[in-house]
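The values are calculated or read from the model by the stated rules, or taken from the named source; none is laboratory data. Just so you know, these numbers come straight off a predicted model, no measurement behind them. Glycine gets a Cβ as well: all are built from the backbone with ideal geometry, and neighbour counts include every protein chain shown. SASA here: full protein model, heavy atoms, side chains in, ligands and nucleic acids out. Shrake-Rupley method; radii C 1.70, N 1.55, O 1.52, S 1.80 Å.
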Amino acid sequence: MRRARGFSLIELLVVLAVLGLLASLAMPAAEVTLQREKERELKRALWEIRDAIDAYKRAADAGSIAAASDSGYPPTLASLVQSVPDAKSAGGRLFFLRRIPRDPFADSRLPADQTWRLRSYASESDNPQPGADVYDVSSSSDATALNGTWLREW
């Protein structure tokens, strides 16, 4: 008499139960990894925008571009992407950003320039408000980061 080879139904159910348990243990780690990557992307985007704002201000202070506001900061985020005539070079144009990065925590249906909270040069640091220029940007998210700080305070 020959014995059939293969797995019994109970063996298959045990293997599926173990795989399900391992998958349920891996899910929180995957969520933390996704959150961490979005936080890295937010830091990169904030650095890129803030660097462009500072470059615009330096160019306005140096007389390379005509200042669009009394403070010398750009009037909108879109003005960092649009070319600005270079006052020191005939026919030259200056660009400060190729594109406006998105806030990775904001609604994906919004245009990139509307995903940020803007702070004007004239606003208080403890109560940032938009105004005639863009002095700083922050995340529009009310979520907390993995380290416990508010994303909007970065």
Near residue 57, which lysines are there with a Cα under 26 Å away, not counting those fewer than 8 places off in the same chain?
-> 43, 88
In the chain, what percent of the accessible surface is made up of carbon and sulfur (1.4 Å probe, ligands and nucleic acids excluded)?
-> 56 percent
Inter-site label distance for residue 32 and residue 16 at 7 Å from Cα along Cβ, in nm | 3.0 nm
The chain, dipole about Cα centre (Lys/Arg Cβ +1, Asp/Glu Cβ -1), debye to the nearest 20 = 1000 debye
Net lengthening on full extension, residue 114/residue 86 (0.36 nm per residue, minus Cα-Cα) | 7.4 nm
Sequence order, the range 48-58: Karplus ³J(HN,Hα) from phi using 6.51 cos²θ - 1.76 cosθ + 1.60, θ = phi - 60°, Hz rounded, Gly and Pro as x, gives 5, 5, 5, 5, 5, 4, 5, 5, 4, 4, 4
Per the range 18-64, sqrt(5λ) over the Cα gyration tensor eigenvalues, sorted largest first, in Å, gives 45, 5, 4
Where the Cα atoms of the range 86-128 are projected onto their three principal axes, how long is each span, largest first, in whole Å?
-> 40, 29, 11
Accessible area per residue, Å², the range 76-128 with all protein chains present, probe 1.4 Å = 65 Å²
Non-local residues with an amide H under 5 Å from the amide H of residue 154, with H modelled 1.01 Å from N and Pro and chain starts lacking one, are 139
Ignoring trypsin sites (Lys or Arg not before Pro) buried by more than 15 other Cβ within 10 Å or outside DSSP loops, the longest site-free run in the chain is 6-87
32, 15, 134, reordered so the largest accessible area comes first (probe 1.4 Å) = 15, 32, 134
At q = 0.24 Å⁻¹, what log₁₀ I(q)/I(0) does a Debye calculation on the Cα points of the range 75-154 give, no solvent, two decimals?
-> -1.15
The chain - Kirkwood radius from inverse mean 1/r over Cα pairs (Å) = 19.0 Å
